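See below for the structure under consideration.
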Amino acid sequence: CRPPPRMDARAGLPVLPLSGRAPRGRCWALPTALLCLYGFFASLRPSEPFLTRYLLGPDKNLTETQVPKVDISKVLRELWRDFLQCYSSRPMLCWSVWWAFSTCGYFQVINYTQGLWEMVLPSQRFEIYNGGVEAVSTLLGAVAVFAVGYIKVSWATWGEVALALFSLLIAAAVYVMDTVRNIWVCYASYVIFRIVYMLLITIATFQIATNLSMERYALVFGINTFIALALQTLLTLIVVDSSGLGLNIFTQFMIYASYFAAISLVFLVSGIYSVMKNYRRQEEMPSRSTASPP
């Protein structure tokens, strides 16, 4: 492993690099493997053998025929069937894809924003308000989430176009935060970024939930979250980590802005196609009704 970082003589704290790149030679593999194993076994919860023994014991005094046995292969087949049925719906697939990809980009931005602000205005020489900006952005985002319930829009028709336009706004906010080296502009762009994301993720979550039964919530949102975290890991490995490109913080945020712009472009094309398809369908319905005999 790399020697420990140099210490700040004034505060006795390690001085962290401000470039936004992951330092070379860090022993991150072992902690990452341990965290993955912990998450796996925490989700697995192998309680069935202990539960079966308890139900067959003197406390409950049940027979083996009264205690149901779980067929793992049957459970996996049912999960696969539910997976195919859930994601066979095009609106469901579109909202889930945006949910996963935008959550990946959102995590990347909020994880490295502090490093960007430190490069724009070093905290050791100037007074900063990073914590206040985080609090204000969270509060305004909550207000936007509350207000979205009063918006009357046919999301089934205009949902993809709305995702494209708001994703473009997110890309613009990240781009401005990266290129305009003014801390107050960075603060304002970050607030806009978080408000728009919290607004859209609420709409996306609602649209996904309305197309699901309650028993499938965990399956769909679990898969979407897994895809988002897997993409974030891949993006971090390529862009941030020294084993990949190891880019500086400003180049990283330019890539994040391009990432959201690409999401916007894909959903704009898909949304325009969906709107044109719906209008053609509506135009064909009157013609069919007039052509049908009385």
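Determine the gain in length on full extension of the stretch Leu30-Val185; use 0.36 nm per residue of separation and subtract their C-alpha separation, reporting nm with one decimal.
This chain segment gains 51.9 nm when fully extended.
Describe numerically, in nm with one decimal, the distance between label points set 7 Å from Cα along Cα→Cβ at Tyr129 and at Phe221.
The two pseudo-label positions are separated by 3.4 nm.
Over region 138-294, what is the relative contact order in whole percent, taking alpha-carbon pairs under 8 Å and six or more residues apart?
It rounds to 39 percent for region 138-294.
Multiplying the sequence separation of Leu84 and Leu265 by 0.36 nm and subtracting their Cα-Cα distance, what value in nm do you get?
Length difference between fully extended and current span is 62.5 nm.
If each residue of separation counts as 0.36 nm, what is the full-extension length gain between Phe146 and Gln114 once their alpha-carbon separation is subtracted?
8.8 nm
Let me have the relative contact order for region 86-224, percent, based on Cα pairs under 8 Å that are six or more residues apart.
Relative contact order of region 86-224: 39 percent.
Only the coordinates and a few stated rules stand behind these numbers; no lab work does. If you're wondering where the values come from, they're calculated on a predicted model, not measured in any experiment. Cβ sites come from the backbone with ideal geometry, for glycine too, and all protein chains shown count toward neighbours.
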